[in-house]
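Structure record follows, encoded as structure tokens.
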Amino acid sequence: MPRRAASPWPLLALLSFSVVINYLDRSNLSAAAPLLSKEMALSDSELGLLLSSFFWTYALCQILAGWVVDRFNVVLAYAAGFAVWSLATGAIAFAHGFAALVMMRLVLGAGESVAFPAYSKILVRAFPEHERGMANSILDACTKLGPAFGVYFAAWFMQEFGWRPFFLATGFGALAWLPFWLRYAPAQLPGSHSEDGSEAASARGPGWRELLSSRTVWATFLGLFCHNYNWYLLLTWLPTILVRERGFTMAGMGAWNATLLTVTAAATLAAGWISDRLAARTQDVARLRRGFLITGLLFTAAAMPFTVAGPPWVSAVSLLAAFTGIGIYVSNCWAFTQTLAGAAAGRWTGMQNAFANLGGVIAPALTGFLVERTGQFLAAVLTSSAVLLAGAASYFLLAGPPPAYRRQAAPLGEPGTGSPPAS
């Protein structure tokens, strides 16, 4: 039986700080887009391709990253990925053309691919089932606070000093986190490793074929893909929408973006806390968490068509509603997967994130194409709303009984396990 660390919360605090850095680094190009695209004379289509390029390697490398964190020391694997993406962020400051920017974004995506498989592996080992909703919500709140702080800070910083110094500071400066991680994170989390640092075969869980034969696994793939399509449309294009369509200054754009992301973080924490309280009183944890996922997707789908409405107050209220729905969804997204995955958390999360981040590849580029062809954002947000409805349907129709290897789960509360999930 795996041994639980004395207290997982200090480890979570250190990990949370790195998540803020992670999402600041992946979103800072969106904040710089109004200035960068003007300086380099990029068309909307080129800007859309540039914003999506991060996700090409981010999605492609997820499966390999999931295998690595299941097979080797997750602390060291995460440290290596962090170093790669931080160096790539800093190097963007030296880019002087479209091709160089794309190359650095590709390296950034490869480095960040280790993040979510590592997060899931760490939380499955360190936290019992009835605490994972809140633990995941804290990490996901940081994925919103990173861009919230980043866009607001970037807007001020770039207005004063330009966009190149900003990438230098956020990229190379983030490397100061690494010594703390290597010093204070445990050399290995609760689990079984051989002397060379690889995980014992008995602790690795099911293989690729067993995972891919489950319709519930595919439900998580499709559901997260649909959420990510909408999320990355907002993350990459909303700054441009606000500046170009609504006449925001760079500072005003940063403040409104920060407000919306903070609303999502608050909704995430609230929904995570509520779901954990309910999870402690039920044996049907997977069904409970699935309900939060479907509710969040439907809430956002209903709000998206009105986010580009003519009256500013309608647009503002709809954006607040859309970002609240996102918070409800993400509070339980990874906790749902972790309930089902157990020892396969790294592989399952890697495959899920690989498939789901195709939404990040498609949404920014398709949005740029639609805007260039129609001259407005309405077609883009209607498409996104339809995708969200498809995601809710995938959870409702495909998330059936748990995979066979999880039906004989250990008692609720043991790290690395969960109660037998039913759908």
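Brief remarks on what is shown
- Listing of helices (runs of 4 or more DSSP H) fully contained in the stretch 1-103 that carry 2 or more residues being of a type in the set (A, V, I, L, M, F, W, C) and farther than 21 Å from residue 358 by Cβ: 9-39, 74-91
- Any hit, the stretch 338-351, residues being under 16 Å from the mean Cα position of the chain (by Cα), closer than 23 Å to residue 215 by Cβ and among the polar types (S, T, N, Q): yes
- Qualifying residue in the stretch 126-148 (condition: surrounded by fewer than 17 Cβ atoms within 10 Å (Cβ to Cβ), assigned to a helix (DSSP H, G or I) and at pLDDT 85 or above): no
- Residues of the stretch 212-263 that are in a helix (DSSP H, G or I), surrounded by fewer than 22 Cβ atoms within 10 Å (Cβ to Cβ) and at pLDDT below 75: 212, 250, 251.
- Hits in the stretch 352-375 - residues which are within 9 Å of residue 59 (Cα to Cα), in a helix (DSSP H, G or I) and not β-branched (Val, Ile, Thr): 353, 354, 355, 356, 358, 360
- If you filter the stretch 6-28 down to residues that are modelled with pLDDT under 80 and not basic (Lys, Arg), you find that the one that is nearest to the chain's Cα centre (by Cα) is 27.
- So residue 264, is it within 21 Å of the chain's Cα centre (by Cα) and either closer than 19 Å to residue 230 by Cα or among the β-branched types (Val, Ile, Thr) (or both): yes
- Hits in the stretch 275-295 (condition: in contact (Cβ under 8 Å) with a residue 12 or more places away in the chain, surrounded by fewer than 17 Cβ atoms within 10 Å (Cβ to Cβ) and part of a helix (DSSP H, G or I)): 287, 295
- Residue 180 vs. criteria surrounded by 24 or more Cβ atoms within 10 Å (Cβ to Cβ) and among the aromatic types (Phe, Trp, Tyr): no
- Test: residue in the stretch 188-205 that is acidic (Asp, Glu), modelled with pLDDT under 80, at negative phi and part of a loop (DSSP other than H, G, I, E, B): yes
- Failed condition for residue 45, given (1) touching a Lys or Arg at 6+ places or on another chain (Cβ under 7 Å); (2) surrounded by fewer than 23 Cβ atoms within 10 Å (Cβ to Cβ): (1)
- Which listed residue is free of Cβ contacts under 8 Å to residues at least 60 places away in the same chain and not β-branched (Val, Ile, Thr), from 341, 379: 379
- Residue in the stretch 308-318 that is surrounded by fewer than 24 Cβ atoms within 10 Å (Cβ to Cβ), among the hydroxyl-bearing types (Ser, Thr, Tyr) and part of a helix (DSSP H, G or I) present: yes
- Annotation note: Cβ proximity below 7 Å between a residue of the stretch 117-132 that is closer than 21 Å to residue 82 by Cα and a residue that is of a type in the set (D, E, K, R) (sequence gap 6+ or interchain) occurs for 121/70; 123/132.
The values are calculated or read from the model by the stated rules, or taken from the named source; none is laboratory data. Worth saying up front: this structure is predicted, and the values here are computed from it rather than measured. Don't worry about glycine lacking a Cβ; one is built from the backbone with ideal geometry, like all the others, and counts go over all protein chains shown.
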